[in-house]
Each structure stands twice: as C-alpha cells, then as structure tokens.
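Since every read-out is calculated from the coordinates, none of them should be taken as a lab result. What you see is a predicted model; the values in this text were computed from it and never measured. Please note: Cβ atoms are built from the backbone with ideal geometry, for glycine as well, and neighbour counts cover all protein chains shown.
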Amino acid sequence: MATEKTFVMVKPDGVQRGLIGEVVSRFERKGLKLVAAKLMSVSQSLAEQHYAEHKERPFFNDLVSFITSSPVFAMVWEGENAIAIARSMMGKTNPAEAAPGTIRGDYGLSIGMNIIHGSDSPASAEREIALWFGGELLSYERSVDVWLA
Ligand code: IDP
C-alpha cells in the first residue's frame, strides 16, 4: 500500500462548535502526519470549485452558502492508505447513519452540518490538495514513522 495524501477540512459547524482540536487529535493519534493546515475564510469561487461535482444537485447553493458562512480549518494528512482511513474515521455522509466512534457518528446530527470533509478518492485528493494548498505542503520525517508502516 502506497503512502497517500488526503485533503480534510473541518467545516464551519465544526469550527464554531470547537471541534478543530478533537478532529486534529483523532488524526494525530491514528498515526497520520499533518503536512499542511490553515484556518481560512472560503470565497464563493473556491466553494464552487470545491463542490463542482455537485453543481446540478438541488442542495448545491445551500452547500456553497454554508461553506462560505464562517471559517473552515483546512488540512492535508499523509500516511499509508490515508484517503480510505480518513473516510472511515469520518463516517457516513449522513450523521444519522454514521457509526458511533466515527467523527460524524459521535458529533453530527444532520447531513447539511456533518462537521468534516475528506477526499473520497486519489483523483479527488490530488484535485482538492492543489485547489486548497497549491504547493504549500511540508515534507518531513518523524522518528515514529518507522513504527507505523
Ligand atoms: P461526503 O462529504 O461524505 O463526501 P458528498 O456526497 O460528496 O459527501 O456530499 C458533499 C456534502 O454535501 C456532504 O458532506 C453534505 O454536507 C452535503 N450533502 C450531501 N447530500 C446532501 C443532501 O441530500 N442534502 C443536503 N446536503 C447534502
């Protein structure tokens, strides 16, 4: 299994509810490596590009208004199988169906405010990392890396 990078974002509801630390802590404890992070406001243009695949969906405008309504905490995490692992830690899209123990299962109530985003495939991860961070990623070694893969 190859080392992957994935884009993860604490959405406005997660930031407002004080869940940045909880999310970061879970990813750190899992063993993934943080290689980029920023607290930021999302422009209309960035929101529309990020959610481009949902452009025709009835909830697209609500999605864009929500993500631009208050700051988000954007991150890139690296590790073996990082994309699938981050998705499994997040839980299903609808918090009502997300298993307890997952982030959405433990903290969310509604599909519109489900706390966290994570890339769903290698192609999405590549596109989203380029969109949100360009080349602003760090590359560094941790002594613990030898105990993780
Ligand atoms: P994901 O975030 O689990 O990858 P996607 O299907 O890519 O799920 O949807 C993106 C976001 O759009 C979801 O996280 C959720 O907040 C919102 N969303 C998805 N489906 C619906 C819906 O049916 N109604 C309202 N919002 C939705």
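Quick look at the numbers
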quantity	calculated
Added length on full extension, which subtracts the Cα-Cα distance from 0.36 nm per residue, residue 109 to residue 34	24.3 nm
Cleavage-rule hits (GluC sites (Glu not before Pro)) in the stretch 41-82: DSSP loop, at most 10 neighbouring Cβ within 10 angstrom	56
Neighbourhood charge, 11 Å Cβ-Cβ cut-off, centred on residue 110 and excluding it, Lys, Arg +1 and Asp, Glu -1	0
Helix-only mean residue ellipticity at 222 nm for the chain, each DSSP H run of n ≥ 4 adding -39500 (n - 2.57), per residue, nearest 500	-10500 deg cm²/dmol
Ascending count of other beta-carbon atoms within 10 Å, so fewest first, for 63, 39	39, 63
Within the stretch 57-87, backbone nitrogen closer than 19 Å to the virtual label 7 Å beyond the Cα of residue 136 toward Cβ	67-78
Cα-based Rg / Dmax (Å) for the stretch 44-149	15.3, 48
Where only alpha carbons of the stretch 43-97 are counted, the Rg and the Dmax (Å)	13.4, 36
Fraction of beta bridges assigned by DSSP in the chain that are antiparallel (%, nearest 5)	95
Potential lengthening between residue 80 and residue 121 on full extension [0.36 nm per residue; Cα-Cα distance subtracted]	13.4 nm
Translational D in µm²/s for the stretch 10-106 (Stokes-Einstein at 25 °C, 0.890 mPa s, Kirkwood Rh from C-alpha pairs)	170
